[in-house]
Structures are given as structure tokens and as C-alpha cells.
Amino acid sequence: MTIFGVALLALCTLIGVFLGDLLGVALGVKANVGGVGLAMILLIAARSWLLARGKLGGGIKLGVEFWSTMYIPIVVAMAAQQNVVAAVRGGPIVLIAATVSLLLCFACVALLGRFGRREPGEDAQVRHGGDVIGGGDASAQARPAEKV
């Protein structure tokens, strides 16, 4: 049932917000620090755990996938509530932290891109797709040869 996926998301969100509040208290900040991000990490871990054990049913998967499509708009809405002007007035550390985190993200994407590369080798299906995209006449390759 879809409601189980939504319940899993709600549980991960509650735990993530709680951990974010604890992290904020530990850092001496009167705010939730990374609660939504922690919730998403918990959701990914829970989904992987259920999938590995064969307990990820269609309903749970549907509920999780529905709300995962809503994640980007929710984060954008949350970011719109932040007081960026006050943060920048707080000093240059904000700009330094933003720049360092951006560079770290770029480095991680580059690193993952290198590990995720496939071995160079073409099969017939890849060549056919390239011909279709290139606008060539790939119809002869797509059909098997007719027997005479």
C-alpha cells in the first residue's frame, strides 16, 4: 500500500529533524542543522535495506517515489525562507563555506564520474541508437535479414 511508503518517509523525516535539532544544539546554533538532508539519507538507507531483504513492495515503492519527486520543490521552498542577507552580513565565512562546499560537490561528481565509466565497447544496439540519433538510415540494421 502507498500509505506505507508515506509512513516510511514520515518516520525518516521525524528522525532526521530530531537529529538536526540535536546537531544544532551540539553546535550552539538555535536552528535545525541538516535535518532534511539527514532525513533523505535515512530514507535512501531504509529503501536500500528493504530492497536488499526483498521487503520493498510495490506500494511502499510508489509512496517513496511520489514524495522523492517532491523533494526538490520542498528544498527550494525551504531555501527561500532563509535570510541570506543577514548571513552574508555575518562575515566572509559564509562565502568561504559556500565556495568550499561547491568545489567539494564538483570534485565528488568528477570522482563518481570516473568510477562510473563503462568499458569502451560498442554493441549493435548502441550503434543502432547512434545511427537513429544521427539521422542516418538505420532501418536496415534494425531489422534482421530476410530469408529468400
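The values are calculated or read from the model by the stated rules, or taken from the named source; none is laboratory data. The shown structure was predicted, so the numbers you read here are calculated from the model rather than taken from an experiment. Here the Cβ is made from the backbone with ideal geometry for all residues, glycine too, and neighbour counts use every protein chain on show.
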Quickly run through region 20-43 and pick out the residues that are part of a helix (DSSP H, G or I), hydrophobic (A, V, I, L, M, F, W, C) and closer than 21 Å to residue 77 by Cβ. 36, 38, 39, 40, 41, 42, 43
In region 65-84, anything among the β-branched types (Val, Ile, Thr) and modelled with pLDDT of 75 or more is listed as 69
For the structure I just gave you, tell me whether residue 98 is modelled with pLDDT of 75 or more and not β-branched (Val, Ile, Thr). yes
